[in-house]
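First up is the structure itself, then whatever we jot down about it.
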Amino acid sequence: MSSESEEQQLSKKAAKKEAAKLEKMRRRQEAAALASAASSLSVEEEDSYSSNYGDVTLPELKSCSKPDAGNWSIAISSMDWTRVGALTQELKEKEVLIRGRVHTTRPVSKNMAFVVVRERGFTVQCLVATHEAGVSRQMVKFVAALNRESIIDAIGMVSVPGNPIKGTTQQVEIHVRKLYCVNKAMPTLPINVEDAARSDAEIEAALQAGDKLPRVNQDTRLNFRVLDIRTPANQGIFRIQCQVGTIFRQFLLSEGFVEIHTPKLIAGSSEGGSAVFKLDYKGQPACLAQSPQLHKQMAICGDFGRVFEVGPVFRAEDSYTHRHLCEFTGLDVEMEIKKHYSEVMDIVDRLFVTMFDSLNEKCRKELEAVGKQYPFEPLKYKPKTLRLTFEEGVQMLKDAGVEVDPLGDLNTEAERKLGQLVLEKYDTEFYILHRYPLAVRPFYTMPCYDNALYSNSFDVFIRGEEIISGAQRVHVPEFLAERAQACGIDVNTISTYVDSFRYGVPPHGGFGVGLERVVMLFCALGNIRKTSLYPRDPQRIAP
């Protein structure tokens, strides 16, 4: 073969190879073009529904009032809010706008997902599905990926399913057409609200069935209190607590009492025998008030007649018990006495019977929520509160084989035993024990007229635990100073208090009760930290 023929043959092979290369490149370009076109179609489809879901932008969250500030602003601008707890079957086929937390999400497929929304203890099931107008696969994917406890707004139609919905408080379903994330929670939370809401009975039942459910201990709960108080039981506890404070105020106002606000920074001890938090007050020694005792009495000196206060109380005692805190909310009362210190007990009687009646009537759902996680029996009390003298209580204990000092105070064990005996004999868990030995009462307590070893004082008990201390006060200044010195109190530190009685003051008395302790015992919760929003005890000063 000639060299010319060889060159022609090589040229044909090169041309063929080049042609194949070009064809391959053409096919690649064609495939890329098709992919690009498909991608464009996909983006176009996504964009056409993107206004119906997504994260709310920061400018919108700054309360921008422009109607076109963003998709979320436009979506909610002309709608009214509906509370999750108000979603009932009467709203069937009505469009609603709700806000709440992502309680749970449950993806079913690429075309469908469920999200349970929780608001203030109420829950509702929401369906996000592509068969609804304006809902895309991308929206379903967005909803399925939402973190628990995130805040979302949802717009949709209320539907009533044929079968009862398990696991939600509301027996309706919302078919969502728009959903926006207002605030994202962390993907992994320190504690899950679902775990924190379980009762011990549920955990034990699961163990017996071979399953192990997380148990959230008390320290962990208190370390992450913001999450813990989202549980239905805690929502109930603090709404009950709110009602206790409301009834306290309303009842006393109706009885002619005036609400006052006393200082919490004072020069000396306000309660004999109680430890104080000391501090420097502009170069002078001072402390946090252990009660409003001195100043509420001074208000009686100022002719208010009847006063009350709701405010913080500070005790520096190293008490690690189930019922003591270093800071609690005091409900305090002081009033003029016309004839007898029993007038103060009369107020206690009617106030707390009114309170218990109101809680049982107005807080049924809250009590049910508390009882579901922390089961308890309703408090037994009488329309007219039982009153026993201290000597009668001591005799009941002696008859039951419990020896106590007749002129000493009752310890916790003796109080519980007496509560049990009173329940068995009188069928009540709420009673008043009065005429306590003078030696165990504060310096400002008036002694009994017929026996100086006893005093015109009383304690009140719920379920065998003391919640109230009260008494007639010493209002004669010379005798008051004498009593203070006998109790080891420097009279100079309370001189303004003693002097206030030198200007004329009527006989008076009063009492104090801890708000947290009332709720703890009414609901039989067993630990006062459950009824303090952010507890302060000898080991805890955060969060």
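Odds and ends about this structure:
- Around the amide H of His103, modelled in the peptide plane, lie the amide H atoms of Val116, Val117, Arg118, Glu149, all under 5 Å away and 5 or more residues distant in sequence or on another chain.
- Extension gain from Leu453 to Ser63, taking 0.36 nm per residue of separation minus the Cα-Cα distance: 133.6 nm
- The HN-Hα couplings worked out from phi for the range 386-397 by the Karplus form 6.51 cos²θ - 1.76 cosθ + 1.60 (θ = phi - 60°) are 5, 10, 10, 7, 4, 5, 5, x, 4, 5, 4, 5 Hz, whole numbers, x standing for Gly and Pro.
- Residue list for the range 95-126, given a label point 7 angstrom along the Cα-to-Cβ vector of Asp80 and an amide N cut-off under 16 Å: 95-99
- For the range 423-430, putting each phi into the Karplus relation 6.51 cos²θ - 1.76 cosθ + 1.60 with θ = phi - 60° gives couplings of 4, 5, 8, 10, 6, 9, 10, 10 Hz, in residue order, rounded to whole numbers and with x for Gly and Pro.
- Over the chain, dividing the summed -39,500 (n - 2.57) contributions of all DSSP H runs of at least 4 residues by the number of residues returns a 222 nm mean residue ellipticity of -11500 deg cm²/dmol.
- Acute angle (nearest 10 degrees) that the helix 232-254 long axis makes with the longest principal axis of the chain, alpha-carbon atoms: 40
- Label reach from Val310 (point 7 Å along Cα→C-beta): in the range 466-482, no amide nitrogen lies under 16 Å.
- Helix 342-362 and the longest principal axis of the Cα set of the chain meet at an angle near 20°.
- Just the protein heavy atoms count here, and of the accessible area of the range 53-183 at 1.4 Å, carbon and sulfur take up 50 percent.
- Taking trypsin sites (Lys or Arg not before Pro) across the range 92-161, the ones in a DSSP loop with at most 15 further Cβ atoms lying within 10 angstrom of their Cβ are Lys92, Lys94, Lys110, Arg120.
- Correct choice for Rg and Dmax of the Cα atoms in Å that was computed from the model, options (1) 23.4, 78; (2) 24.7, 76; (3) 35.0, 147: (3)
- Among the chymotrypsin sites (Phe, Trp or Tyr not before Pro) in the range 370-423, none is located in a DSSP loop while being surrounded by at most 12 other Cβ atoms within 10 Å of its own Cβ.
- Residues in the range 161-178 carry Karplus couplings, in order, of x, x, 10, x, 8, 8, x, 10, 6, 9, 9, 9, 10, 9, 8, 6, 10, 9 Hz; the curve used is 6.51 cos²θ - 1.76 cosθ + 1.60 with θ = phi - 60°, and Gly or Pro positions show x.
- Residue-normalised accessible area of the chain, given per residue in Å² at a 1.4 Å probe: 52
- Of the trypsin sites (Lys or Arg not before Pro) in the range 280-384, those whose Cβ has at most 16 other Cβ within 10 Å and which sit in DSSP loop: Lys282, Lys338, Lys339, Lys380, Lys384
- Database remark: amide H of Ile174 closer than 5 angstrom to the amide H of Gln125, Cys126, Leu127, Ser159 (H placed geometrically; neighbours at sequence offset of 5 or more, or on other chains; Pro and chain starts carry no H).
- Contour minus Cα-Cα distance for Asp195 and Val182 (0.36 nm per residue): 2.2 nm
- Estimated FRET transfer efficiency (Ala275, Lys398; beta-carbon r; R0 35 Å; 0.05): 0.60
- Exposed-site-free run, longest, the chain (rule: GluC sites (Glu not before Pro); DSSP loop; at most 13 other C-beta within 10 Å): 94-402
- Potential lengthening between Glu368 and Glu95 on full extension [0.36 nm per residue; Cα-Cα distance subtracted]: 95.2 nm
- Under a 5 Å amide H cut-off, with hydrogens placed 1.01 Å from N, Tyr454 pairs with Leu438, Cys448 among residues at least 5 apart or on other chains.
- Projected label distance in nm at Ile165 and Val258, using a 7 Å step from Cα toward the beta-carbon: 5.3
- Entries of Lys141/Lys184; Lys264/Lys296; Lys166/Lys365; Lys339/Lys425; Lys398/Lys530 with Cα pairs more than 24 Å apart: Lys339/Lys425; Lys398/Lys530
- Around the Cα centre of the chain, unit charges on the Cβ atoms of Lys, Arg, Asp and Glu (plus for the first two, minus for the last two) sum to a dipole of about 2000 debye.
The values are calculated or read from the model by the stated rules, or taken from the named source; none is laboratory data. These figures come from a predicted structure and were not determined experimentally. Glycine gets a Cβ as well: all are built from the backbone with ideal geometry, and neighbour counts include every protein chain shown. We work out accessible area using only protein heavy atoms, side chains counted, and drop any ligands, DNA or RNA first. Shrake-Rupley method; radii C 1.70, N 1.55, O 1.52, S 1.80 Å.
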